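A short write-up of the structure that comes next.
Read-outs: derived from the displayed coordinates by stated rules, not from any lab. This is a predicted model, so every value here is computed, not measured. Quick reminder, even Gly has a Cβ in these numbers, built from the backbone with ideal geometry, and neighbours come from all protein chains shown.
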Ligand code: 1HN
């Protein structure tokens, strides 16, 4: 087999490149080895070297183009009619941050996106339209703007649309994380839709009413609730704001939880909803998690201190933007504003690598 590793270049080298050393490197290369001391400064850098860049997808600007895909290909043909949000710094590698995939999915009235399952886990955050539904593990859930829906790893799922007008949602998947480990699996269901085996609302009734069925064991890593309606999450923020406990960096930020553990609703992706009050000017915040934001209410901007200088992304409802790993940033709101977001925080926490710096210290 051809060797894919390169001989180390002199950049990042620890010592002088003598002819004797070079000859040695060539010899060990033939034996599928390389000298750590020649590469370690690039292999493990003093600070993260991040390729993704802060970026915003302007929904009003891209909406016509997204809807055009509905005239080009059916949901069934495409399986999933998704426009991938490609981070401009990541070279078309189908990632929005180093570890996350994101896309905007369109479904038109009467369409079905056929049932399948895959090892990456997915989340949906509904951006526009009503009347569509998703079925996960045999349970149907309607989709309304602002709802957050989980499709766990390896769960059968299909989507459909019985209403009028286009329905669009943001898909977030942990594909790059799963790919880094290797075990990508995908399987089509033999029919377009898996049978409805559970009445709609069943998981909400079992686990979403501050109770749980006595004697029932839930030992899966994701939340047994797979739809978190916007109405309820938004109301929580509205009631909590009366306490005025504003976090200097994040305003009022809540994370979606698995009610059986109190931990993250998804095992690999953290999910959040936050309220920034009118005139909020956040303190500088820096975290190792790359974050994807979906703006739902109000307008504002984020200032991100990237390597090339400060980038300002001005957002309005339905815009999607991302803030990469370890870039200091500040959130600023004009009027009251609400942001949904997701990141790889919970995965990093499990690996013991998550960090944050609050303020300028
Ligand atoms: C997928 O199955 C969905 O089920 C959305 O809606 C986006 C991106 C890559 C691979 C599978 C869906 C996806 C996906």
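Structural remarks
- At 1.306 mPa s and 10 °C, Stokes diffusion of the chain via Kirkwood alpha-carbon radius, µm² per second: 71 µm²/s
- For the range 140-184, the spread of Cα coordinates along the three principal axes comes to 41, 18, 15 Å, biggest extent given first.
- The range 181-340 has equivalent-ellipsoid semi-axes of 33, 21, 15 Å, by the square roots of 5 times the alpha carbon gyration tensor eigenvalues, sorted largest first.
- Exposure proxy order (Cβ contacts within 10 Å, fewest to most) of 198, 217, 302: 217, 198, 302
- log10 of Debye I(q)/I(0), alpha-carbon scatterers only, for the range 141-239 at 0.12, 0.22 Å⁻¹: -0.55, -1.46
- In the range 81-179, the convex hull through the Cα atoms has an average projected area of 5.9 nm², a quarter of its surface area.
- Distance from the range 180-205 to the range 221-288 (C-alpha centre basis), Å: 27 Å
- Along principal axes, Cα extents of the range 215-282, largest first, whole Å: 46, 22, 17
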